[in-house]
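Peer 1: Before anything else, here's the structure in question.
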Amino acid sequence: MRLSTKGQYGVLAMYELAKRYGEGPVSIKEIAESQTFSDAYLEQLFASLKKAGLIRSLRGAHGGYQLSREPSQISIRQIIDALEGPIEFSACVGGPEGYICKKSDACVTRELWKEIQESINAIIDNRSLADLVEQGRRKQQ
């Protein structure tokens, strides 16, 4: 299982917006240059993030994008869900399609997959963009 570039780049782009929270809109070009991403790819990601209500855009000469709320109010899970959909470690532990394995009751690995899924969710649910900004500050010192 590997998180795609959608999720990886999306979290990093949102981190860039979080670092500049309260300073006004940031252009896609600035974010792309800062993280060495393609402008076109970021535009695709930002369309999904905007649709999810995590960012808003402002038009005009000094337009760009900004977070729709404080960095502490946006979890990493919200970003990943907006770009990738829910992370599903194994189909047998749930998911949006409601798959139920016929072997679930007797399966020796189902509880293991469920525990891994819950651990991943606990981390991304409880980490916010503010946490990443703080981590970035510590790394710079």
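Peer 1: I'd like the full set of residues that are outside any loop (DSSP other than H, G, I, E, B) and of a type in the set (D, E, K, R), limited to segment 41-61.
Peer 2: Answer for segment 41-61, where residues must be outside any loop (DSSP other than H, G, I, E, B) and of a type in the set (D, E, K, R): 43, 50, 51, 56.
Peer 1: Quick one: residue 16 ticks every box in (1) modelled with pLDDT under 95; (2) surrounded by 14 or more Cβ atoms within 10 Å (Cβ to Cβ) bar one, so which box is it?
Peer 2: Of (1) modelled with pLDDT under 95; (2) surrounded by 14 or more Cβ atoms within 10 Å (Cβ to Cβ), only one is false for residue 16: (1).
Peer 1: Among the residues in segment 58-67, are any under 15 Å from the mean Cα position of the chain (by Cα) and basic (Lys, Arg)?
Peer 2: no
Peer 1: Go through segment 45-82 and give me each residue that's in contact with a helix residue (DSSP H, G or I) (Cβ under 6 Å, 6 or more places away or on another chain), surrounded by fewer than 16 Cβ atoms within 10 Å (Cβ to Cβ) and within 20 Å of residue 133 (Cα to Cα).
Peer 2: 72
Peer 1: Name, by its number, the condition in (1) over 14 Å from the mean Cα position of the chain (by Cα); (2) free of Cβ contacts under 8 Å to residues at least 60 places away in the same chain that does not hold for residue 19.
Peer 2: Answer for residue 19: the failing condition is (2).
Peer 1: For segment 62-91, which positions are in contact with a Lys or Arg (Cβ under 6 Å, 6 or more places away or on another chain) and either part of a loop (DSSP other than H, G, I, E, B) or free of Cβ contacts under 8 Å to residues at least 24 places away in the same chain (or both)?
Peer 2: Matches in segment 62-91: 68 only.
Peer 1: Take residue 102 and tell me if it is modelled with pLDDT under 80 and either assigned to a helix (DSSP H, G or I) or of a type in the set (Lys, Arg) (or both). Talk me through it step by step, then tell me what you get.
Peer 2: Values: modelled with pLDDT under 80: yes; either assigned to a helix (DSSP H, G or I) or of a type in the set (Lys, Arg) (or both): yes.
Here the answer is yes, as residue 102 does meet what is asked.
Peer 1: Does residue 30 satisfy the condition of being assigned to a helix (DSSP H, G or I), among the charged types (D, E, K, R) and under 17 Å from the mean Cα position of the chain (by Cα)?
Peer 2: Details: assigned to a helix (DSSP H, G or I): yes; among the charged types (D, E, K, R): yes; under 17 Å from the mean Cα position of the chain (by Cα): no.
Taking the combined requirement at face value, the residue does not satisfy it.
Peer 1: Could you please tell me which pairs satisfy a Cβ distance under 7 Å, a separation of 6+ or placement on different chains, a first residue in segment 29-55 that is within 21 Å of residue 81 (Cα to Cα) and touching a residue at least 40 places away in the same chain (Cβ under 8 Å), and a second residue that is assigned to a helix (DSSP H, G or I) and not aliphatic (A, V, I, L, M)?
Peer 2: What qualifies is 54/78; 55/46.
Peer 1: Which residue out of 80, 124, 74 is aliphatic (A, V, I, L, M), farther than 20 Å from residue 2 by Cα, at pLDDT 85 or above and within 15 Å of the chain's Cα centre (by Cα)? Walk me through it before giving the result.
Peer 2: Values: 80 fails: farther than 20 Å from residue 2 by Cα; 124 fails: farther than 20 Å from residue 2 by Cα.
Within the list 80, 124, 74, the selection yields 74.
The values are calculated or read from the model by the stated rules, or taken from the named source; none is laboratory data. The model shown is predicted, which means the values in this text are computed figures rather than measured ones. As a convention, Cβ positions derive from the backbone with ideal geometry for all residues, glycine included, and neighbour counts pool all protein chains shown.
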